[in-house]
1. If you add up the charges near V67, with Lys and Arg at +1 and Asp and Glu at -1, over every other residue whose beta carbon is less than 14 angstrom from its beta carbon, what do you get?
2. If contacts are Cα pairs under 8 angstrom and at least 6 residues apart, what is the relative contact order of the chain in percent?
3. Do the sum for the chain: with -39,500 (n - 2.57) for every DSSP H run of n ≥ 4, divided by all residues, what is the mean residue ellipticity at 222 nm, to the nearest 500 deg cm²/dmol?
4. With only alpha-carbon atoms in the gyration tensor, what are the semi-axes of the equivalent ellipsoid for the range 7-166, in Å, largest first?
5. What is the sum of charges, Lys and Arg at +1 and Asp and Glu at -1, for the other residues whose Cβ falls under 15 Å from the Cβ of D54?
Amino acid sequence: MSSGPLIVLVGPMGSGKSTVGALLAERLGAPYRDTDADIVAAEGREIADIFVEDGEPHFRELERAAVRAALAEHTGVLALGGGAILDEGTRALLAGLPVVYLSMDVEEAVRRVGLGAARPLLAVNPRRQWRELMEARRHLYTEVARVVVATDDKSPDEVAEAILDALELKDQ
Ligand code: S3P
């Protein structure tokens, strides 16, 4: 049986899950894995194309399976897609794990994600869509998280440092 991931990163798109995840993996000498990348590799097409060609519900099914597999197999740092926590079964699998919610406010989100062409959920009116998305999701991120780290004024290095501190992984 695997011992489970060292760290699981959740949070909205643009919150820095991939950048911070890669930094954390380097610091811990552990492998990094990203469920969005797993889906792209398995499907042989980009996420935006999956949304357009097959619709969001189909993407969510692929995501549910990808997250389940990664949680069972991966023992390093794992980043989940921003909407993974929408699934109740996924939230149940996250219970008790070292889950970190990378939060950020709306203005920071719009700055970072910009017009979001590669992110189908923010393609039309990023600011309004962001607000709606966070209203629907904030409580779910909080529910699964052991630790919440506000990323607004922090560099990726500072965020990584705050996570290692909070999870007491500094000396590993
Ligand atoms: C999504 C976030 C994206 C990707 C897809 C849907 C979401 O992942 O899974 O576009 O619903 O928030 P990132 O958070 O890694 O950008």
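Any read-out appearing in this document is the output of simple, stated calculations on the displayed coordinates, not a laboratory observation. Please read these numbers as outputs of a predicted model, since none were measured by experiment. Backbone-built Cβ (ideal geometry, glycine too); neighbour counts: all protein chains shown.
1. So the environment of V67 carries a net charge of -2.
2. On the way: 253 pairs, mean separation 55.3, N = 172.
Normalised by residue count, the contact order of the chain is 32 percent.
3. Numbers: 8 runs with 92 residues, N = 172.
Mean residue ellipticity at 222 nm (helix-derived): -16500 deg cm²/dmol.
4. Each semi-axis is the square root of five times an eigenvalue, giving 22, 20, 15 Å.
5. Values: positive: R45, R60, R64; negative: E43, E46, D49, E53, E56, E61, E63.
In short, -4.
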